[in-house]
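Participant: Once you've had a glance at the structure underneath, I'll fire off some questions.
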Amino acid sequence: MKNVLKSALVLITVFLISNAAIAQKTNQKAVIKTTLHCDHCKECETCGLKFKTEMLKIKGVKMYELDDKKMTFTVYYNPNKTDLQTIKIAISKLGYDADEVKATSEGLATLDGCCKV
């Protein structure tokens, strides 16, 4: 009976570890080029807050980083829930270019004056 219990425990442990490893492999990283028109967008009361609240609302986005010096978004996302084009379109709706996807006029209108073109 102890051997059966041990075997079952080992199988469950292996199953859980393999599922965790598979889940980690499903997340992808993408670096998206953008254009920032001021030197303080991340700290800006309007734009910075928008980054913090809206980026993580994009379905499948797990984490993001904005590098204002390199003008890039690094986005970690689950490709089972979203794709890169959807993320780029969502960024454009926030008022920022995302690689080849240009910022929407509606998104640009919500930015502070210093952050606009």
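Participant: If you keep only loop residues by DSSP, which chymotrypsin sites (Phe, Trp or Tyr not before Pro) in the range 66-117 have at most 12 other Cβ atoms within 10 Å of their Cβ?
Facilitator: Values: sites: F73, Y76, Y77, Y96; in loops: Y96.
For chymotrypsin sites (Phe, Trp or Tyr not before Pro) across the range 66-117 that sit outside H, G, I, E and B with at most 12 neighbouring Cβ atoms in 10 Å, the list is empty.
Participant: So, one more: What full-extension length gain, to one decimal in nm, is calculated for M63 and C114 as 0.36 nm per residue of separation minus the Cα-Cα distance? Don't skip to the end; give the middle numbers.
Facilitator: Details: separation 51, 0.36 × 51 = 18.36 nm, distance 2.60 nm.
Stretched fully, the M63-C114 segment lengthens by 15.8 nm.
Every number in this text was worked out from the coordinates using simple rules, so none of it is lab data. Remember, it's a predicted structure, so these values are computed and weren't measured experimentally. Every residue, glycine as well, gets a Cβ built from its backbone with ideal geometry; the counts of neighbours run over all protein chains shown.
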